[in-house]
1. If you check Phe165 against the conditions, is it of a type in the set (A, V, I, L, M, F, W, C), open to solvent by less than 70 Å² (accessible area, probe 1.4 Å) and part of a loop (DSSP other than H, G, I, E, B)?
2. Looking at region 192-199, can you tell me whether even one residue there is open to solvent by less than 60 Å² (accessible area, probe 1.4 Å) and part of a helix (DSSP H, G or I)?
3. Can you spot a residue in region 48-69 that is under 26 Å from Lys151 (Cα atoms), open to solvent by less than 50 Å² (accessible area, probe 1.4 Å) and of a type outside the set (Asp, Glu)?
4. Could you list, in sequence order, all residues of region 116-132 that are in a helix (DSSP H, G or I) and open to solvent by less than 90 Å² (accessible area, probe 1.4 Å)?
5. Suppose the filter is under 25 Å from Gly196 (Cβ atoms) and out of contact with any helix residue (DSSP H, G or I) (no Cβ under 6 Å at 6 or more places or on another chain); does Glu64 pass it?
6. Among the listed residues Ser28, Ser24, identify the single one that is surrounded by 19 or more Cβ atoms within 10 Å (Cβ to Cβ), hydroxyl-bearing (Ser, Thr, Tyr) and within 27 Å of Ser134 (Cβ to Cβ).
7. Which of the numbered conditions does Phe175 fail, given that it passes all the others? Conditions: (1) modelled with pLDDT of 95 or more; (2) open to solvent by 40 Å² or more (accessible area, probe 1.4 Å); (3) assigned to a helix (DSSP H, G or I).
8. Could you please let me know if Lys103 is modelled with pLDDT under 95, open to solvent by 40 Å² or more (accessible area, probe 1.4 Å) and basic (Lys, Arg)?
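The values are calculated or read from the model by the stated rules, or taken from the named source; none is laboratory data. None of these values were measured; they are calculated from a predicted model. Glycine also receives a Cβ, built like all others from the backbone with ideal geometry; neighbour counts cover every protein chain displayed. Heavy atoms of the whole protein, side chains included, go into the accessibility calculation; ligands, DNA and RNA do not. Shrake-Rupley method; radii C 1.70, N 1.55, O 1.52, S 1.80 Å.
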Amino acid sequence: LPVYLIENHQAPVVSVQVWVKTGSIYESTAQKGYAHFIEHLLFKGTKKFAVGEIARKVESSGGEINAYTTFDHTVFYINISSKEAPVAVEVLADMFCRPAFDKSEIENEKEVVIEEIKRGLDDINRCAFQTMCSLTYKGTPFFHPVIGYEKNIRQSTRSRLLKFFNTYYHSQNSFVVVAGDFDRAKMQPILNQYWGDFRKGKVDKPRFAKPKVVKKPLVSVQTSKFKQTRLLLA
C-alpha cells in the first residue's frame, strides 16, 4: 500500500486520506451508482465500530470525517488535531479492512442514496452538467452521472456490492496520504499497525471507448421549471 507522508508544522492539524483509484467510469451498466453507494456504506459500521460509532469517535476527538466520489477516484478523509492523528488512521483502516456491509444497513441506505438522486433532479447545476456530459461524452462512461440510477441502487445486493468492493478496494489500487503536523518516525509504526492487513488485489482496469470526434458544434437547449438559466460550454 503506497503511503505519502507530508510533514507541515504550520498548524497543529493532520489530514489522513485514503484515495481509491476507482470511480463511476469503472462500473458496468448494471453497476452504475455502486462506487458512490459503497462510499456511503463504508460509514455504516465495521467489525470494531457499530453503526454511528465511526462519526462519533472522530467528532468526539475534535475531527471531521467525509468522503466524495468522482468519475475516476473516490476519497475518504479525516481532518483532526495532531494529537488525535492515530484515531484517524485507525478509523479509516477499519472502514477499508473490515467493513460490515450489513444487509439491513444496505437496505436503509438505499433510500438515502435514492433521495440524493432525486434531489439532483431539483438542482439546476447538476441538471445542466449532466446534460453537458451526455452531449459531450456520448458513447463513453462519462455519459452517465457519478451518482448512478435509482434502478441500479434498488436492485443492488450485498454480494454484488462486495464483489465491486473487493475488485477495486485493495492495496494495489489505493494509497494513503498523511499531511500536516506529525512526526514521520512516530507515524510509520501506527500506519503499519492498522493498515498491515489491508488485502492485496489485482489491478485489472477496463478499457474505455474513445469519444467520437466531434466535427461540428453540438447544442442542447432545454426548458425546465427552474426560474434561472444556465449556459455551459465544453
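1. no
2. Within region 192-199, one or more residues are open to solvent by less than 60 Å² (accessible area, probe 1.4 Å) and part of a helix (DSSP H, G or I).
3. For region 48-69, residues under 26 Å from Lys151 (Cα atoms), open to solvent by less than 50 Å² (accessible area, probe 1.4 Å) and of a type outside the set (Asp, Glu): present.
4. Within region 116-132, Glu116, Ile117, Lys118, Gly120, Ile124, Asn125, Cys127, Ala128, Gln130, Thr131, Met132 meet the criteria.
5. no
6. Details: Ser28 fails: surrounded by 19 or more Cβ atoms within 10 Å (Cβ to Cβ).
That would be Ser24, the only listed residue that is surrounded by 19 or more Cβ atoms within 10 Å (Cβ to Cβ), hydroxyl-bearing (Ser, Thr, Tyr) and within 27 Å of Ser134 (Cβ to Cβ).
7. Of the numbered conditions (1) modelled with pLDDT of 95 or more; (2) open to solvent by 40 Å² or more (accessible area, probe 1.4 Å); (3) assigned to a helix (DSSP H, G or I), the odd one out for Phe175 is (3).
8. Spelling it out, it is not the case that Lys103 is modelled with pLDDT under 95, open to solvent by 40 Å² or more (accessible area, probe 1.4 Å) and basic (Lys, Arg).
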